[in-house]
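The values are calculated or read from the model by the stated rules, or taken from the named source; none is laboratory data. All values derive from a computational prediction rather than experimental measurement. When we count neighbours, we look across all protein chains shown, and the Cβ atoms used for this are built from the backbone with ideal geometry, even at glycine. Please note that ligands, DNA and RNA were not included when accessible areas were found on the heavy atoms of the full protein model with its side chains. Shrake-Rupley method; radii C 1.70, N 1.55, O 1.52, S 1.80 Å.
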Amino acid sequence: MINKKFLQEPNLIDLSKEIFKAVVRDKVEIDTRFELLSQNLYEADTINFILADGLGYKNLSNTDSSLNKNVTQSINTTFPSSTNVALSSISFMKNPIEHGLIGYYMYDKSKYGLINALNWNEDNKNLLLNNYYQKQSSIWKIFKDNKIYASNFQPRNLVGSPLSNFLYEQSNTIPYDDAQSLLESLSDSSVLENRFNFIYYPLIDVTAHIFGVNSDEWKIEITKFEKLVNEISNISNKKTKTIISADHGLVNIDEEFRHHLNYGDDLHIYGDQRSVYINGPKENVLETFSEIPGVLLEQQELSYLLGDPVNEFLQSIYPDFCFLVEDKNIIYPKHLSAQLKGYHGGISKEELKIPIIEFSNF
């Protein structure tokens, strides 16, 4: 069940590094392991990188979407297959264990306890002020320091959040309300001079969570996204390369395979609902998960997927155990109860495999 070569295989971080290497040209040295993209990447005047939240390779390939014609290959996303983990890995060009955002929910053993690491609250957002996070240099800082014109496009409701402020230079961030306002912003004369644009598009993921993958509503969102991509790809007269990928795919979970956990205060259960992090005594962990289909990983086995904590700070946020829930199953710890249709966070191919989709206007 565990892919011990996971960290060595081509992944979202490798894709990001290759894109950013082309953006900065010879101004900054960026080490890459693979050649994942067509060589016309280096001929482009403008490079667009669209992260379509939830557009998994397996999900997409099971449709008749025209986007499939431009899929060049599939790669792995991060472990766990979660949005905040993937976005952080892109911005810092590092594996999750290196940048320190390792799950949808995290647990800080030293001070802050349970943390929603997507929607940080007023108290625990101060963890992001820790020197370990503050000393890191994002790709956006590198762009700014090297006078590379770049913009980050996000839905307006996400701009100014603790995670957004941590990942992006606020001066580079442009909010949008819908597809039309996004296109209008990208058509602005100043933006047309950009070397790079990063566009985060969440609606496919939102629809899959609520209605499920392959629902009519989800298929409509795929069609809307196709149209948007074609318009973005041809918005400029300059040589433009547009690359689309995702942070994860999703799986639908039937009611009969949803498991609510009962456990005492001696256990902390968090992370993602399909890659479940746990702190506490092993015997209590085994008892709590005894009826749940899946496999329990101790830290040594987890390191194949996540890597090793190499300092005291990372050890304070590293889980004692990880339970990988069997495909088509999901757990509900005490702090989560929302009943959705589609989920992610696990290591099935539907969740882990993401596409590389390439468009160019030259």
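Please identify the DSSP H helices in the chain that span no less than 27 Å along the helix axis (Cα) and have a mean Kyte-Doolittle hydropathy of 0.5 or more.
Details: long enough: none.
None clear 27 Å together with a mean of 0.5.
From the Cα gyration tensor of the range 1-149, with a ≥ b ≥ c the square roots of its eigenvalues, which class applies: rounded if a/c is under 1.5, or else prolate if a/b is larger than b/c, or else oblate? Judged from the Cα gyration tensor, the range 1-149 comes out oblate (a/c at least 1.5, b/c at or above a/b).
With Cβ to Cβ distances under 13 Å as the rule, what net charge do the other residues near Val28 carry (K, R +1; D, E -1)? Overall, the nearby charge balance is +4.
Put Met93, Met106 in order of accessible area, highest first, and with a 1.4 Å probe you get Met93, Met106. Of interest is the spacing of the C-alpha centroids, which for the range 298-362 and the range 193-224 amounts to 20 Å. Averaged over residues, the count of other Cβ atoms within 10 Å places the peptides 323-329, 124-130 in the sequence 323-329, 124-130, highest first. Please compute the net charge surrounding Asp145, taking Lys and Arg as +1 and Asp and Glu as -1 over other residues with Cβ under 11 Å from its Cβ. Combined, the nearby Lys, Arg, Asp and Glu give +3.
In the set [x] 1.26; [y] 1.01; [z] 0.96, the label that goes with Rg/Rh (Cα atoms, Kirkwood Rh) computed for this structure is [z]. Based on the Stokes-Einstein relation at 25 °C and a viscosity of 0.890 mPa s, and on the Kirkwood radius from alpha carbon pairs, the range 261-362 is assigned a translational diffusion coefficient of 161 µm²/s. Computed over the alpha-carbon atoms, the range 145-207 gives an Rg to Rh ratio of 0.97, Rh here being the Kirkwood radius from the mean inverse distance. Amide H contacts for Leu297 (H built 1.01 Å from N in the peptide plane; partners 5 or more residues away or on another chain; cut-off under 5 Å): Cys322, Phe323, Leu324. Between the amide H of Asn152 and those of Thr173, Ile174, Phe198, distances stay under 5 Å, these residues lying 5 or more places away or on another chain, with hydrogens modeled in the peptide plane. In summary, the lysines within cross-link reach of Lys282, defined as a Cα separation below 26 angstrom excluding same-chain residues under 8 places away, comprise Lys4, Lys109, Lys111, Lys328, Lys334.
Just need the Rg to Rh number for the range 59-144, please, alpha carbons only, Kirkwood Rh. Show your work: numbers first, answer last.
Values: Rg = 16.3 Å, Rh = 15.0 Å.
Taking Rg over the Kirkwood Rh, I get 1.09.
Among Lys17/Lys241; Lys125/Lys147; Lys224/Lys349; Lys5/Lys353, which pairs are too far apart, with a Cα-Cα distance over 21 Å?
On the way: Lys17/Lys241 16 Å; Lys125/Lys147 30 Å; Lys224/Lys349 25 Å; Lys5/Lys353 15 Å.
Violating the 21 Å Cα-Cα cut-off are Lys125/Lys147; Lys224/Lys349.
Measuring between their Cα centroids, the range 228-260 and the range 1-33 lie 19 Å from each other.
When the accessible area of the range 1-125 is computed with all protein chains present and a 1.4 Å probe, what percentage of it is carbon and sulfur?
Working: 2180 of 5150 Å².
The nonpolar share, carbon plus sulfur, comes to 42 percent.
In the chain, what % of DSSP beta bridges are antiparallel (nearest 5)? Display every interim value, and only then the final one.
Working: 28 of 52 bridges.
Around 55 percent of the beta bridges assigned by DSSP in the chain are antiparallel ones.
For the chain, the 222 nm mean residue ellipticity estimated from helices alone, with every DSSP H stretch of n ≥ 4 adding -39500 (n - 2.57) and the total spread over all residues, rounds to -8000 deg cm²/dmol. The order of the peptides 168-179, 311-322 by mean Cβ neighbours within 10 Å, most packed first, is 311-322, 168-179. Each residue was assigned an accessible area with a 1.4 Å probe, and for Glu256 the value is about 140 Å². For q values of 0.18, 0.29 Å⁻¹, compute log₁₀ I(q)/I(0) with the Debye formula on a Cα-only model of the range 1-62, without solvent. Result of the Debye calculation: -0.82, -1.29. Rolling a 1.4 Å probe across the protein heavy atoms gives the range 1-154 an accessible surface of 43 Å² per residue. In the neighborhood of Glu169, defined by Cβ-to-Cβ distances under 11 Å, what is the net charge if each Lys or Arg adds +1 and each Asp or Glu adds -1? With Lys, Arg at +1 and Asp, Glu at -1, the neighbours total +1.
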